[in-house]
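The values are calculated or read from the model by the stated rules, or taken from the named source; none is laboratory data. Given the structure is predicted, the values throughout are model-derived calculations rather than measurements. Glycine gets a Cβ as well: all are built from the backbone with ideal geometry, and neighbour counts include every protein chain shown. The accessibility values were calculated without ligands, DNA or RNA, using every heavy atom of the protein model including side chains. Shrake-Rupley method; radii C 1.70, N 1.55, O 1.52, S 1.80 Å.
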Amino acid sequence: MHRAARAVSATAMLAGSVVLGAGAAVAAPSGLPEPSGLPDPFAVIAPEADVAHHGHVLLWGAGLKVRMRIENHGPSSLAGVTVRVRTSVALAGRQELPQSCLQADRQTVLCRTGSLRADGAHERRLALELRLAARPDEVVVWVDTLWNDGATDRSPGNNDHEVLAPATGDEYVF
């Protein structure tokens, strides 16, 4: 075969190739239709978890107590979860919060949990003693999961709560 013919043949082969790594090439079939309806073998599948928050809210004067336990009923374990607690009334200035929490804005506190095993037996507990900017007759508290390690949660009803707490000093459960 002539040198020019070999160069054309090699160029044609490389044009129909797919590079798979450091220098390896595999010829791509030509003229075949792309497979449809088949899962992409390189697609990343998100883990699935069932995060649950259960607890109570108590309002007295300008004080708001939020207590909860955070669990993961699986099937995947999680490296961490961020719980968001929002209030209908602004929080007073700086809050004394647990080390794992921060005040995101005037009405929102975010708390990280640490890892949660999939069996639900490894729960985390969170206790917040918040001060409100006013002494309301009632406050609405929203508790939800802001971040769950990228997992899908097909049962968000047990981690997304809205609680109305009148200023009675009684516990209102979620």
Q | Relative frequency of Cα-Cα separations exceeding 18 Å in segment 81-174, percent | A | 50
Q) Under the Karplus relation 6.51 cos²θ - 1.76 cosθ + 1.60, θ = phi - 60°, what is the ordered set of whole-Hz ³J(HN,Hα) values for segment 70-79, x standing for Gly and Pro? A) 10, 10, 10, 8, x, x, 9, 6, 10, 6
Q | Normalised contact order of segment 44-104, rounded percent, pairs of Cα under 8 Å and 6 or more residues apart | A | 29
Q) Measuring from centroid to centroid over Cα atoms, what is the spacing of segment 122-157 and segment 44-70 in Å? A) 4
Q. Once the Cβ-Cβ distance between T82 and N158 is put in as r, and R0 is 22 Å, what FRET efficiency do you end up with, to the nearest 0.05?
A. 0.85
Q. Which whole-number value in Å² is the accessible area per residue of segment 113-174, probe 1.4 Å?
A. 58
